[in-house]
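Working notes, structure below.
The values are calculated or read from the model by the stated rules, or taken from the named source; none is laboratory data. These figures come from a predicted structure and were not determined experimentally. Cβ placement follows ideal geometry from the backbone for every residue including glycine, while neighbour counts extend to all protein chains displayed. The accessibility values were calculated without ligands, DNA or RNA, using every heavy atom of the protein model including side chains. Shrake-Rupley method; radii C 1.70, N 1.55, O 1.52, S 1.80 Å.
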Amino acid sequence: MTGVFGKKVAIGQENGPEVDVVVYGDEHYARYETPDGYSVIYDPDAGLFCYAVLRKGRFVSSGVPMTKSPPPQAQKHAEESPEVRQAKVAERLAAREGRP
């Protein structure tokens, strides 16, 4: 298992230009931030990385692309709850192993 903690990478978007994000995580779970520290997630409906907001410990898209100013509810260095992270890791491991 290899971790990436604080490495800036350029990532493409379906409906926008390549953007620089800072990655924290490994092959099972990773979170992304803007270079100035705001949490972002890929919004498949928009085809863009958007600022993340926390709802019940889980990141959801604010709908505001990271190429714009952050919305008021966006937080720097926000993280999903440990329970949400553990559930996402379990889902990914099950999918790799072909389990429902």
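For this structure, a couple of remarks:
- Check: the chain dipole with +1 on Lys, Arg Cβ and -1 on Asp, Glu Cβ, in debye: 260
- Each Cα pair under 8 Å and six or more residues apart adds its sequence gap; the mean of these over the residue count of the chain is a relative contact order of 19 percent.
- Atom-type composition of the exposed protein surface of the chain places 51 percent of the accessible area on carbon and sulfur (1.4 angstrom probe).
- Averaged over its residues, segment 41-100 has an accessible area of 65 Å² per residue, based on protein heavy atoms and a 1.4 Å probe.
- Classified by the C-alpha gyration tensor, segment 1-59 has an oblate form. Its axis ratio a/c, with a ≥ b ≥ c, is 1.5 or above, and a/b does not exceed b/c.
- When every Cα-Cα distance of segment 47-100 is counted in 10 angstrom steps from zero, the calculated P(r) takes the values 24, 37, 29, 10, 0 percent.
- Under a model in which nothing but the beta-carbon of Lys, Arg (+1) and Asp, Glu (-1) is charged, segment 52-94 shows a dipole of about 100 debye around its Cα centre.
- Over the chain: helical MRE at 222 nm, DSSP H runs n ≥ 4 each giving -39500 (n - 2.57), nearest 500: -5000 deg cm²/dmol
- Proximal lysine pairs, the chain, alpha carbons under 18 Å, eight or more residues apart or interchain: 5
- Evaluated at q = 0.15, 0.16, 0.22 Å⁻¹: base-10 log I(q)/I(0), Debye formula over Cα of the chain: -0.62, -0.70, -1.22
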